[in-house]
Each structure stands twice: as structure tokens, then as C-alpha cells.
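A.B. asks: Here it is: the structure, laid out below.
The values are calculated or read from the model by the stated rules, or taken from the named source; none is laboratory data. The structure presented is a predicted model; accordingly, all values stated were derived computationally and were not measured. Glycine also receives a Cβ, built like all others from the backbone with ideal geometry; neighbour counts cover every protein chain displayed.
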Amino acid sequence: MTAAPRGSRRAIGFLGRRNAGKSSLVNLLAGEAVSLVSPVPGTTADPVRRSLELRPLGPVELVDTAGLDDDDPGLGAARAEASARVAERVDMAVLVAEAGRWGAWEDRALADLRARGVPVVVALNKRDLAPDAVPPAALAEAAWLHTVADHPAHAAETAEALRHAIVRAAPDGWTEDPPLARDLLPPGGWALLVVPLDQSAPKGRLILPQAQVLRDLLDGGHHAVACRDTELASALAGLERTPDLVITDSQAFAAVAKAVPSPTPLTGFSVLLARAKGDLAAFAAGAAALARLRPGDAALVAESCVHHATGDDIGRVKIPRLLERLAGGPLDIRNARGRDFPEHLAAFRAIVQCGGCMDTRRAMLARQDRAARAGVPMANYGMALAQGAGILERALSPFPEALEAWRNAVDS
């Protein structure tokens, strides 16, 4: 229970051509055989992940990938595409190239990572096979190092050098999560958390966003009081002061908005998560666009993780029901689960994404970017439910820029 959730771990992707030694470097850094190593090009197929504590940065996830140059006539294109999707989502990249074999492909890969603001470490691997190789001019301003991944005599030296290079490449505060709610309250402020305990609530614990918001408030030196939605009235009556902020589960938005006097700031766990994980203003504009759905339109409901669906599941039942009510008739609703979106996003008129508690911020921003490039508005669960309840304007009131984006989208 003390392990950092995947969404709080910065993802370090090992990218490069086939057989450059990516898997060997991952294994050295992890201190165990995470990935299969073979001289046969294309040994790594699907991305391989390993979570660990990388001192002094903290919790990270190493992601080994197939070669981005995989041209195998069988599954090569699919493997390369999977690796390209990983490259879009990683928080840092270790670009692995064989010493003495840097070329135009590596130049393009490095330029693309830099253009997206991804910190990069370049590992010129197999130094023992090219001891006189001169680093290419492209690395003049890059963090790079020579490595020997496959030689036991150099294992400890290579692992430590790589760790130091990653630490040096990490920007200040790289592993620090953005605030969820602590910056919305005055010093020593009070927050009331409304937590429904319905059939979808995990037995004996809070769902991850609720636990994360509670911890974030405590980290900020604030006071937090929690109650079920069924006890909200008595909780408000029992407090000696008006809460500085009320935070509710998105599925109880409508009832909580009626019970909490309108001058009291109100928002949802999912809205807070949307701000921390992605572009809140873009999500808000996407929520406004849901009112323009029409019967027969195609809509995508996307979940970043895989969980057991309950009878009244939010992604399979509640969100589709809401979208069809907004559209005024049946829709062509499709569900996507896991890390990747389906292809051909332009076929959809709208996307509704889960809160993304298991996603990193860069992974969520990558999803939003793909939707924007396809011209498809994208909301998230909480804002879609608030839009459906007619209270999104109030739920966005603590966030002026997002509120303005929503108003502009409504008027467009």
C-alpha cells in the first residue's frame, strides 16, 4: 500500500533502433532481467515496463520498446507503431544508438523529442565495438554517455553512469506532482470531501483520486472533513464554519450542488484530476461540445485502466446514458480501455476520458493532443457529468481560465 501509483511514476522510455542494446540497458538499470535480450533484431515486441525507485529522483517506470525502425514484414509496423505511441507519452527518453552508427534516423528522433520538450539522455552503446568513435555533432548540447551494456565487466560502471546521466537530465521538480487542491484554499483552510459509497466504491478503502486529494490537502497544511453524500446535510450543519471548498465525487454533482449554498466554492475530484493530469481548459471546452451531439453520432468513452465493470458502471452505463440524453437519442458509442486510443479518431464527434488517475500528466496531454489533431472535442468524466447536470460553470469557478474556455465554447 505504500508503493507509488503508476500515475505518479515518471516514465523513462528506452528508444532506438532494433538491436541497439535498449533491453540490456533497462536490465542493468533495473538490476534484474526485465527484458529478454538476444542478438536477433526485433526481440522486444510489446513495450516492457518495470517500476522502481531511482535515487534520488524517486518512483519511476522504465519502459523498454521495440525498435522504432522495425521493418519486419510481419508485425514490424505494429511494433514500431507501439513504440512511437510510447515515445509520445514518456516523461524522459533514453535514446540508444550504437557507437559509431549515428545517422539521420537518430537526428530525427532526437529533434522530435526535443521539440516536444522531453528530457533526453543519449546512450552511445557498444563502445567496446567502436572505441575510437567520435560523438556526432548533434550531441553538442545533449546529455550523452558511452555505455557497454552487454559486457559483464562493465555492468556496474554502466548502470551507475546511466543513473547519473538520468538524474542530471531531470529538470528541477521533475518527480513532483502538481497540486490537486491545496493551492485553492487559504492557509490552514477547510475542505469538505463528499464521498459516495455506492456499489462501485472499493470495499474498505477510497478510490485513488479521493485518497490523493485528501493527501494533497494534508500536505498543504489544510483541514479536511469527509462525509457520504447521504450525510451531507448533517455534515454541513455540524461544521462550525463554512468550508473554503467542497469537493464531491462527480456522480453526486447535482445533489451536492443543491445542498451546498452557491457562494461556497464547489468542484469535483475528477475536475481536480483533470487539471493535474492535463489541460483543464481544453477539457472544459470539450465538455461544452457535448451539448452539440446529435442522434447517430459516434462517441468514444475511454478508460486508461482496466477494471471489473459493475452493473451500473460509469464508463459502460452512466456516461453513455448521459451522452444519449444530451444528444436526444441513441448514439454510436464505443469503449476503449487501456493506454492507447483506437485509430481514426476523426470518426468520432466527441471523446469522454476517465479521470486518468493511472496516467502521468504527459500521457494524458498526449491523448489530448491526438484528439486535438483529429479535430475531436475531448472532455472527462467529471466535467461531462457536471455539464449534464447543468452545474459545470459552478464546478469550474475556482479555475478562471478553464471557465472562460468553457464559456467561449458554449458561445461558439
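A.B. asks: Restricting to the stretch 368-377, and then to whatever is assigned to a helix (DSSP H, G or I) and out of contact with any Asp or Glu (no Cβ under 7 Å at 6 or more places or on another chain), can you tell me which residue is surrounded by the fewest Cβ atoms within 10 Å (Cβ to Cβ)?
C.D. replies: Going residue by residue through the stretch 368-377, those that are assigned to a helix (DSSP H, G or I) are 368-373.
Now drop any that are not out of contact with any Asp or Glu (no Cβ under 7 Å at 6 or more places or on another chain), which leaves 369-373.
Numbers: Asp369: 16, Arg370: 17, Ala371: 24, Ala372: 15, Arg373: 10.
Selected residue: Arg373.
A.B. asks: Being assigned by TED's automatic domain parsing to the domain that holds Phe283, of a type in the set (A, V, I, L, M, F, W, C) and within 23 Å of the chain's Cα centre (by Cα) narrows it down to one of Ala347, Ala363, Ala389, so name that one.
C.D. replies: On the way: Ala347 fails: within 23 Å of the chain's Cα centre (by Cα); Ala389 fails: within 23 Å of the chain's Cα centre (by Cα).
The match here is Ala363.
A.B. asks: Right, here's the next one. Does Met364 satisfy being surrounded by 21 or more Cβ atoms within 10 Å (Cβ to Cβ) and either more than 21 Å from Leu280 (Cα to Cα) or in contact with a Gly (Cβ under 6 Å, 6 or more places away or on another chain) (or both)? Steps first, answer last, please.
C.D. replies: Numbers: surrounded by 21 or more Cβ atoms within 10 Å (Cβ to Cβ): yes; either more than 21 Å from Leu280 (Cα to Cα) or in contact with a Gly (Cβ under 6 Å, 6 or more places away or on another chain) (or both): yes.
The answer is yes for Met364.
A.B. asks: Might you check whether a residue that is buried (at least 21 other Cβ atoms within 10 Å of the Cβ) and closer than 14 Å to Ala274 by Cβ occurs anywhere in the stretch 314-326?
C.D. replies: Scanning the stretch 314-326 turns up no residue that is buried (at least 21 other Cβ atoms within 10 Å of the Cβ) and closer than 14 Å to Ala274 by Cβ.
A.B. asks: For the stretch 398-412, name all the residues that are outside any helix (DSSP H, G or I) and closer than 13 Å to Ala282 by Cβ.
C.D. replies: Of the residues in the stretch 398-412, the ones outside any helix (DSSP H, G or I) are 398-399, 412.
Matches in the stretch 398-412: Phe399 only.
A.B. asks: Moving on to the next point. Step by step: first the residues of the stretch 97-136, then only those that are in a loop (DSSP other than H, G, I, E, B), surrounded by 14 or more Cβ atoms within 10 Å (Cβ to Cβ) and not hydrophobic (A, V, I, L, M, F, W, C), then the one that is modelled with the highest pLDDT. Which residue is that?
C.D. replies: Residues of the stretch 97-136 that are in a loop (DSSP other than H, G, I, E, B), as a first pass: 99-103, 116-119, 126, 130-136.
Checking the rest, the ones that are also surrounded by 14 or more Cβ atoms within 10 Å (Cβ to Cβ) come to 99-102, 116, 118-119, 126, 130, 133, 135-136.
Next, from what is left, pick out any that are not hydrophobic (A, V, I, L, M, F, W, C): 100-101, 116, 119, 126, 135-136.
Details: Gly100: 87, Arg101: 88, Arg116: 87, Pro119: 92, Lys126: 89, Pro135: 83, Pro136: 84.
Selected residue: Pro119.
A.B. asks: Just one of the numbered conditions (1) closer than 25 Å to Trp406 by Cα; (2) without any contact (Cβ under 8 Å) to a residue 40 or more places away in the chain is not true of Leu214; which one?
C.D. replies: Exception for Leu214: condition (1).
A.B. asks: Could you check how many residues of the stretch 140-164 are touching a residue at least 60 places away in the same chain (Cβ under 8 Å) and among the aliphatic types (A, V, I, L, M)?
C.D. replies: First, the residues of the stretch 140-164 that are touching a residue at least 60 places away in the same chain (Cβ under 8 Å): 147, 149-150, 155, 158-159, 162-163.
Retained after the next criterion (residues that are among the aliphatic types (A, V, I, L, M)): 149, 155, 159, 162.
Total meeting the criteria: 4.
Conditions tested, residue by residue: (1) assigned by TED's automatic domain parsing to the domain that holds Leu396; (2) outside any loop (DSSP other than H, G, I, E, B); (3) closer than 25 Å to Arg228 by Cα.
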position	(1), (2), (3)
Ala257	no, yes, yes
Ala299	yes, yes, no
Cys305	yes, no, no
Asp312	yes, no, yes
Gly315	yes, yes, yes
Lys318	yes, yes, yes
Leu323	yes, yes, no
Leu326	yes, yes, no
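A.B. asks: Any idea which of (1) under 20 Å from Pro320 (Cα atoms); (2) buried (at least 21 other Cβ atoms within 10 Å of the Cβ); (3) not charged (D, E, K, R) is the one Ala298 doesn't satisfy?
C.D. replies: Unmet for Ala298, out of (1) under 20 Å from Pro320 (Cα atoms); (2) buried (at least 21 other Cβ atoms within 10 Å of the Cβ); (3) not charged (D, E, K, R): (2).
A.B. asks: Mind telling me which of the residues Asp128, Asp132, Asp150 ends up being touching a helix residue (DSSP H, G or I) at 6+ places or on another chain (Cβ under 6 Å) and over 30 Å from Arg275 (Cβ atoms)? Talk me through it step by step, then tell me what you get.
C.D. replies: Details: Asp128 fails: touching a helix residue (DSSP H, G or I) at 6+ places or on another chain (Cβ under 6 Å); Asp132 fails: touching a helix residue (DSSP H, G or I) at 6+ places or on another chain (Cβ under 6 Å).
Checking each option against the conditions leaves just Asp150.
A.B. asks: Which residues, counting only those in the stretch 328-367, are more than 18 Å from Asp297 (Cα to Cα), outside any loop (DSSP other than H, G, I, E, B) and of a type outside the set (A, V, I, L, M)?
C.D. replies: Hits for the stretch 328-367 are Arg337, Arg361, Arg362, Arg367.
A.B. asks: Could you check the stretch 378-397 and list, in sequence order, the residues that are in contact with a Leu (Cβ under 9 Å, 6 or more places away or on another chain) and either part of a loop (DSSP other than H, G, I, E, B) or without any contact (Cβ under 8 Å) to a residue 24 or more places away in the chain (or both)?
C.D. replies: The answer is Ile391, Glu393, Leu396, Ser397.
A.B. asks: Is there any pair linking a residue in the stretch 239-252 that is assigned by TED's automatic domain parsing to the domain that holds Ala211 and farther than 12 Å from Leu193 by Cα to one that is among the acidic types (Asp, Glu) and part of a loop (DSSP other than H, G, I, E, B), with Cβ under 8 Å and at least six apart or on different chains, and which?
C.D. replies: Cβ pairs passing all conditions: Gln251/Asp198.
A.B. asks: Residues that are at pLDDT 85 or above and basic (Lys, Arg), at least 2 per element: which strands (runs of 3 or more DSSP E) completely within the stretch 1-90 meet that?
C.D. replies: Details: elements: 10-16, 48-54, 58-64.
Fully inside the stretch 1-90 and qualifying: 48-54.
A.B. asks: Out of the residues in the stretch 153-188 meeting the condition of being more than 22 Å from Ala276 (Cβ to Cβ), of a type in the set (D, E, K, R) and modelled with pLDDT of 90 or more, tell me which one is surrounded by the most Cβ atoms within 10 Å (Cβ to Cβ).
C.D. replies: If we take residues in the stretch 153-188 being more than 22 Å from Ala276 (Cβ to Cβ), of a type in the set (D, E, K, R) and modelled with pLDDT of 90 or more, then Arg163 is surrounded by the most Cβ atoms within 10 Å (Cβ to Cβ).
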